[in-house]
Structures are given as C-alpha cells and as structure tokens.
Protein chains: 2
Amino acid sequence: MNSTAPTTAPAPGPELLMEQLAHAAACYYRSFAVVAGGQGLTLIQGKLLSLLSRPMPMRALAELLGCDASNVTGLVDRLEARGLLRREPDPADRRVKTVLLTPEGEVAVRRIRAEITAGLPGLEQLGDAERRSLSELLGRAFPHGAGA
Amino acid sequence: MNSTAPTTAPAPGPELLMEQLAHAAACYYRSFAVVAGGQGLTLIQGKLLSLLSRPMPMRALAELLGCDASNVTGLVDRLEARGLLRREPDPADRRVKTVLLTPEGEVAVRRIRAEITAGLPGLEQLGDAERRSLSELLGRAFPHGAGA
DNA sequence: CCGATTACTTGACATCCTCAATCATCGAGG
DNA sequence: CCTCGATGATTGAGGATGTCAAGTAATCGG
C-alpha cells in the first residue's frame, strides 16, 4: 500500500507461492469433484470428459491425464457404458480408436464448466486489469507443454 | 505491450482463466505425484504427510483431505506400517488418536517440499514484483477458508 | 517379407474412496 | 450414578483408480 518506499512488500519466496498454489489447486479440484459428483461422475471422469473438446485417440488421453494407457481403457469403458462418449475407429490407422463426446457428453461438459465457474466466485471478483495480470503470470509460470 | 491504447489486452474471460488455472493445478499435482512416487509414495500419501507439520487427530486429517474418516484409517495404517508416522492416544479424550510424523516421516516431507520446488522452475523465473503480484492475486481469488 | 515399434486390451493386484455398521468414549439430563 | 445421544475411530463390502506384465493387432522401416 506504501508507494514511496522501494520495498513495497516482503517479496514472497517460492515456498509461500507454492503453498498458495497448492491452496488454489486444492480449491479448484475440490470444486471440480463436487460438481462432477453432482452428476454421478468422479473427478477423473469429469476431467476426461472435459478434455474431449475435440476428439482424440486413447493414447493422447493417457498422456494428458498422466496415467497408464490401460487405465484409460477402463475409464472410457465406464463412460461409454453411460453413453457420454464413444470410440470410433480411425480409418488412417486401424490401431487407433478415436474417442469423442456424445451429445449427452457435451451437455455434461457444459454443465460442469458452468457450475465450476459459479463455484469459484473469487475469479469473477477480479477486475479486468487483475485478470489480465493473473492470466499473464500463470501463463509465464506454467507454459503450455511444460511439466505436462 | 501497447501503452497508448486504453485496451491493452483483450481482457481474459473467466473461462480462459479457469483453463489456465486447471493447467497450473495439473502441473502442480503432476509434479507432486512424480516426487512422491520417487519415494514409493502415492500423491495422497505425500499430501497427508505434508499436512502433519504439526500433530493432529485423524478426524482433522479427514476434513483437510476432504474424504471419509474411514479412508484415513487405511491411509494412516499403510504409512504407519512404513514407519513414516505413528498414532498416539490423546490423554484428554481417549476416543481421539493423534497422528504425528516420525523422524523418517519428517525427512520424507522435507525431501518432497524441496523436490517440488525444484520441479516447478516457472515459479523461480518470475521476478520479485511478479511474485508479489501473483501471490496477491492468488490470495484474493482463493481466500483462506473459502471453498476448502 | 520380417522385425521392431505402437495402440489398445486384458488380467492380476494394490490403493483409494464411500457407505453402513460397530465399539468405545464423552457429555448432558434425569 | 446412569442412561442417551453424539462423536472418534475402526471394520467390511463394494466400486473406482492405478500400475505392471502379457497379449493382440496393425504400422513402419528395412
């Protein structure tokens, strides 16, 4: 708040930042789990569905989820049994099965997105400049394709 | 980068922010899982251990982890079998069992913290002013005691 | 055509997680 | 003191998640 002194704040170390980041991540995933649970889905099922904004092969899902490919088989099995997504053979490579959302699945994803945004009111309280700043800092600290 | 126009950036909507936040959270938890896995621990086991900076009853752990109390029984069972923590009866209330880290457990927690910080290099690349800014924005968007 | 690699599946097995039920203990009211 | 309701922890059943090893099918490079 003091704009005259050169040291406006004690300068947070990486440890404190990590703790805040952990808190933010926990809030996000907790909200996600609650919202997904409201539709009879687990957190990981909701996450898988929300990755399918465009169709992709099982292998890509496994990498994005950071888990074994055999695990994705079971996840997709259960979601396919509920009619939220389906497998489609890839004509270019018959080993590959492309996974895509059904209309029901799209509805579920839209509902999840909407409810999560509503469940994290802190993000909406930020002003335009603050959102720009946060977006830019997050993009810098977690560049796409890094650590993932 | 253009400081003359009033609209310096397109102003990121809450949806984009959410996506970036999801990415940041995923990076954090992926790093956490990798680091914990390096010590033969699962993500949730590492999380439980890192909550024990001071001893607390099983019930408190269940609430912090956001899971059923019966689940904590199993988690603590396995970690106790490895000698990373132990149960201690509470003399004031004999229903309560206080959980605390063993020296080995403290070593494990310190190692996890150190490796996670090292595994998220993006945070260290930020300058002092940027860290202050990020810390303040995160603190505003995810106030303590909210959503958790 | 052959061998190596890749995509997906299967089966075995450990862990995570919730629910319902149980036991022991605490606290308040008779 | 003694019962009654509430609370902390555990147990057992059952489903979901996750890894690993093995197997099948298809692609790719020689």
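Here, each number is a calculation from the coordinates, and none is a lab measurement. Computed from a prediction, not measured in an experiment: that's the story for all the values here. Cβ: placed from backbone, ideal geometry, glycine included. Neighbour counts: every protein chain shown.
By the rule of a C-alpha distance below 26 Å, with chain neighbours fewer than 8 residues away ignored, the lysines paired with A:Lys97 are A:Lys47.
Pop the C-beta distance of A:Val96 and B:Leu43 into the FRET formula with R0 = 30 Å and round what comes out to the nearest 0.05. Once the sixth-power term is evaluated, E becomes 0.50. With each label modelled as a point 7 angstrom along the Cα→C-beta vector, the A:Ser53-A:Ser70 pair spans 3.3 nm. Considering only chain B, the C-beta nearest to the rotation axis that sends B to A is found at B:Ala25, 2, the distance in whole Å.
Take chain A and mark each of the trypsin sites (Lys or Arg not before Pro) that is in a DSSP loop with at most 11 other Cβ atoms within 10 Å; the longest unmarked stretch, sites excluded, is A:1-93. Mind grabbing the base-10 log of I(q)/I(0) for chain A at q = 0.15, 0.18, 0.20 Å⁻¹? Debye formula, identical points on the C-alpha positions, no solvent, two decimal places. The Cα Debye sum returns log10 ratios of -0.92, -1.19, -1.35. Ranked from shortest, the separations from the 7 Å Cα-to-Cβ label point of B:Met56 to its equivalents in the other copies are 3.4 nm.
Under 15 Å from the 7 Å Cα→Cβ point of B:Arg113, by amide nitrogen: which residues of region B:53-75? Of the residues in region B:53-75, B:53-55 have backbone N under 15 Å from the label point off B:Arg113.
When +1 charges are put on Lys and Arg Cβ atoms and -1 charges on Asp and Glu Cβ atoms, the dipole computed for the protein assembly as shown relative to its Cα centre reaches about 580 debye.
With its label point defined 7 Å out from Cα along the Cα-to-Cβ axis, A:Arg30 lies at 2.5 nm from the matching points of the other copies, in increasing order. Assuming a ≥ b ≥ c are the square roots of the Cα gyration tensor eigenvalues, decide whether the protein assembly as shown counts as rounded (a/c under 1.5), prolate (otherwise, with a/b larger than b/c) or oblate. Oblate, because a/c is 1.5 or more while a/b does not exceed b/c. For chain B, list the DSSP H helices whose alpha carbon atoms reach 15 Å or more along the long axis and whose average Kyte-Doolittle value is -0.5 or above? TM-like helix candidates: B:14-37, B:69-81, B:103-119.
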